[in-house]
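**Student:** This is the structure, below, for whatever I ask next.
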Amino acid sequence: MSQPYPAEADHASVVVSNLVGSFAWGVLHDRHPALIERVRKATPFPPTAQHALNALLGEIAEGGVIEALDDSEPDAAPWQQWGEGIGRRWADVPFLWAESYFYRKLLGALGYFAPGPWRGIDPFAPFKRAELMGTAVDSELAALDQTPRQPRALQDTALVHASLWGNRADLGFQLSTGESGLGERVAGLVVDDTAVLWDLLESGRPGKVCLVADNAGPELLPDLVLADHLLATDRASSLSLHIKPCPYYVSDATTSDVLDCLARMSAASGRASQIGQRLRQALTDGRLVLRAHPFACAPLPYIDMPVELREDFDSATLTLMKGDLNYRRLVGDRHWPATTPFSEVTAYFPGPVAALRTLKSDVITGLAPNTLTELEATGSAWRTSGTHALVQVRT
């Protein structure tokens with residue numbers, strides 16, 4: 001039985017999308033229609049899919065009502081169980097639910113789950129592969145050759161922050177002892193429990209670490225480098241990498257994306273190639289295990305996770321939650337007061353947990369009052385701009 005959220009939840013409303021001009025409103029009103037057109041241009045889907053995309057555009061239009069999946073769909077039963085939004089306006093249901101359901105409907109429109117030649121085709125693959133094969137990644141991978149020259153403590157910090165900031169170009173693997181690179185990233189941290197994270201991993205015998213991945217491509221590469229570092233330095237005896245069982249939120253990582261990243265590293269030179277080869281070996285000998293639980297694509301917070309997933313996290317020395325969506329699911333997609341303690345909001349979680357998150361949505365917890373005051377005084381969109389980040393740990 002999960003523990004409830006703290007009493008503050010009574011005054012922390014669930015995020016919805018009906019406030020014009022809000023971040024959630026912008027996602028449903030602007031980002032989702034634009035994504036449909038982007039997908040349409042990237043891949044020559046057949047007329048049946050084109051018609052289905054048009055129907056989805058109509059459904060999500062202003063004032064549109066959420067339609068149920070057909071009973072013949074393979075996951076119709078769980079979505080009926082989760083179906084609190086069916087028959088309601090998209091803008092009036094919890095943002096997490098509506099956003100998740102949109103991606104399920106998009107995949108369905110493109111025939112991802114249906115028998116036939118388009119079954120299992122990732123509509124976001126062209127975007128993910130283009131980023132992964134970009135020239136910027138070459139310099140990022142080449143920078144890994146610097147790591148053996150650094151003290152291990154600096155490697156530890158730099159690789160955590162590389163994973164944290166991996167979605168910011170030219171910062172992914174840069175190790176710096178000067179004023180640029182790592183130093184600039186530290187300045188953007190609103191909470192930094194990096195030292196607590198490493199203390200936790202070194203406080204006992206190496207055990208299993210769970211790493212719940214976020215995005216694919218250049219953002220997944222530093223996650224995999226961190227996974228290798230944990231295994232190579234005996235901070236973890238094994239590592240479970242949690243990914244999505246199907247394409248989700250455009251760039252979220254699937255098994256194919258993991259394999260693409262390993263191929264990209266293995267084909268590089270120097271240390272990047274060595275890491276790629278080690279991780280491939282770790283997969284074959286079971287020290288690196290891929291997990292793709294259906295709950296990874298559920299429209300629910302982690303407080304509602306199923307028993308088998310709870311047991312997996314409970315058996316870990318530490319669970320690392322990567323990215324903004326996982327943070328929203330970890331703390332609950334609510335308008336928490338920003339100073340609500342992270343440890344209280346995540347008290348339900350079955351083991352030690354760390355969030356590595358670049359801020360890209362409104363939800364946040366665990367800020368010191370003076371930090372919140374300083375951020376609010378800037379007048380900037382610090383919660384959603386991706387210019388700030390956090391490392392939060394609940395032991």
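Read-outs throughout are calculated quantities, based only on the coordinates presented, and are distinct from any laboratory measurement. From a predicted model like this one, the values you see are computed outputs, not experimental measurements. Don't worry about glycine lacking a Cβ; one is built from the backbone with ideal geometry, like all the others, and counts go over all protein chains shown.
**Student:** How about segment 114-160: which trypsin sites (Lys or Arg not before Pro) there lie in a loop by DSSP and see at most 13 other Cβ atoms within 10 Å? Could the numbers behind the result be given before it?
**Tutor:** Details: sites: Arg119, Lys128, Arg129, Arg149, Arg152; in loops: Arg119.
Passing both the DSSP loop test and the Cβ count: Arg119.
**Student:** What is the antiparallel percent of DSSP beta bridges lying wholly in the chain, to the nearest 5? Write down the numbers at each step before the final one.
**Tutor:** Values: 10 of 31 bridges.
For the chain, the DSSP antiparallel bridge percentage is about 30.
**Student:** Helix-only mean residue ellipticity at 222 nm, the chain, DSSP H runs n ≥ 4 weighted -39,500 (n - 2.57), per residue, nearest 500. What is it? Show your work: numbers first, answer last.
**Tutor:** Working: 17 runs with 165 residues, N = 395.
Rounded to the nearest 500, it is -12000 deg cm²/dmol.
**Student:** Here is a follow-up. Just to confirm a number: summing +1 for Lys and Arg and -1 for Asp and Glu over residues other than Phe342 whose beta-carbon lies under 10 angstrom from that of Phe342, what do you get?
**Tutor:** Numbers: positive: Arg394; negative: Asp193, Glu344.
Here the count lands on -1.
**Student:** Using 1/(1 + (r/R0)^6) with R0 = 56 angstrom and r between the beta carbons of Arg38 and Ser203, what's the FRET efficiency to the nearest 0.05? Can you show the working numbers first?
**Tutor:** Values: r = 46 Å, r/R0 = 0.82.
Efficiency at R0 = 56 Å is approximately 0.75.
**Student:** Under 13 Å from the Cβ of Ser315, count the other residues' Cβ atoms, weight Lys and Arg +1, Asp and Glu -1, and hand me the total.
**Tutor:** On the way: positive: Lys208, Arg291, Arg310; negative: Glu308, Glu311, Asp312, Asp314.
After counting each charged neighbour, the total is -1.
**Student:** Binning at 10 Å from 0, report for segment 7-121 what percent of all alpha-carbon pair distances ends up in each bin.
**Tutor:** 13, 42, 33, 10, 2, 0
**Student:** Which angle between 0 and 90 degrees, to the nearest 10, do you get for helix 270-285 versus the longest principal axis of the chain when only C-alpha atoms count?
**Tutor:** Result, in degrees: 70.
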